[in-house]
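Structure record follows, encoded as structure tokens.
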Amino acid sequence: MIKVLIADDQAMVRQGFGALLAAQPDMLVVGDAANGAEAVTAARTLAPDVVLMDVRMPIMDGLEATRRLAGGPRVLILTTFDLDDYVYEALRAGASGFLLKDAPANALVDAVRVVAAGEGLLAPSVTRRLIAEFAARPHRNRPRPVQLNALTPRETDVLRLIARGRSNQEIAADLVVAEQTVKTHIGKILAKLDLRDRAQAVVLAYETGLVAAGE
């Protein structure tokens, strides 16, 4: 059972998302919060698997709340802005996913399952623009992590494809290997680079210059 906490400053949004997720046989909505501070407190008390986190909230925004929950539940950022600055920073702060609020109901349900399973999620409709945004920001002066040297050439290829927004199935087709082989490579990449999921892998790949927009 996937335990979910919903953080949004609009009561109708919390109620709507709550009803949708509570209707799923594999999900349990354990609570909600009207701001980031409440979300942090509730998450530490209720121990959800996934926190649906609005970006712009009073008292404490979703970015700060995500930072404070680092290492705890997985955070799925919900926003009405497809390239909100806070979304980029939230991914850097450790969020596992990013989804637009106007996404179809089934997309939200699927997103919760994907993030709960340990996969990172970037909204398909904005992946290309988000990648361009990474390239335009001044976060490219980080030294190349020594851990990257531990990756095999094939693992490096897989990481580059992850950063370009490819799904496991697409990576398998590009490299002419089985999808299970891709999953094995991804598991090894995350372990070697000490990353939680593929969303963090995307951040690392662009920030270290392993991949550049337009490649």
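The values are calculated or read from the model by the stated rules, or taken from the named source; none is laboratory data. Not measured: the values here are computed from a predicted model. Neighbour counts are summed over all protein chains in view; Cβ atoms, including those assigned to glycine, are modelled from backbone coordinates with ideal geometry. SASA here: full protein model, heavy atoms, side chains in, ligands and nucleic acids out. Shrake-Rupley method; radii C 1.70, N 1.55, O 1.52, S 1.80 Å.
Structure notes:
- Residues in the range 161-174 that are without any contact (Cβ under 8 Å) to a residue 40 or more places away in the chain and assigned to a helix (DSSP H, G or I): LEU161, ASN168, GLN169, GLU170, ILE171, ALA172, ALA173, ASP174.
Conditions tested, residue by residue: (1) more than 23 Å from ARG196 (Cα to Cα); (2) of a type in the set (Phe, Trp, Tyr); (3) under 16 Å from the mean Cα position of the chain (by Cα).
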| site | (1), (2), (3) |
| --- | --- |
| MET12 | yes, no, no |
| ALA42 | no, no, no |
| ARG67 | no, no, yes |
| ALA90 | no, no, yes |
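- Filtered residues of the range 4-35 (kept if in contact with a strand residue (DSSP E or B) (Cβ under 7 Å, 6 or more places away or on another chain) and of a type outside the set (A, V, I, L, M)): ASP8, ASP9, ARG14, PHE17, GLY18, ASP26, GLY31, ASP32
- Any chance ARG74 is basic (Lys, Arg) and within 13 Å of the chain's Cα centre (by Cα): yes
- None of LEU52, LEU76, LEU63 is open to solvent by less than 60 Å² (accessible area, probe 1.4 Å) and at pLDDT 95 or above except LEU52.
- Enumeration of residues in the range 169-199 that are surrounded by fewer than 21 Cβ atoms within 10 Å (Cβ to Cβ), in contact with a helix residue (DSSP H, G or I) (Cβ under 8 Å, 6 or more places away or on another chain), within 28 Å of LEU69 (Cα to Cα) and not aliphatic (A, V, I, L, M): LYS183, LYS188, LYS192, ASP194, ARG196
- Residue that is assigned to a loop (DSSP other than H, G, I, E, B), modelled with pLDDT of 90 or more and more than 14 Å from the chain's Cα centre (by Cα), where the choices are VAL211, VAL158, VAL177, VAL109: VAL177
- ILE59 vs. criteria over 18 Å from the mean Cα position of the chain (by Cα), closer than 21 Å to GLY94 by Cβ and of a type in the set (Val, Ile, Thr): yes
- Tally of residues being modelled with pLDDT of 85 or more and assigned to a helix (DSSP H, G or I) across the range 180-201: 14
- Considering the range 16-56, and only residues there that are in contact (Cβ under 8 Å) with a residue 24 or more places away in the chain and among the polar types (S, T, N, Q), the residue that is farthest from GLU89 (Cα to Cα) turns out to be GLN24.
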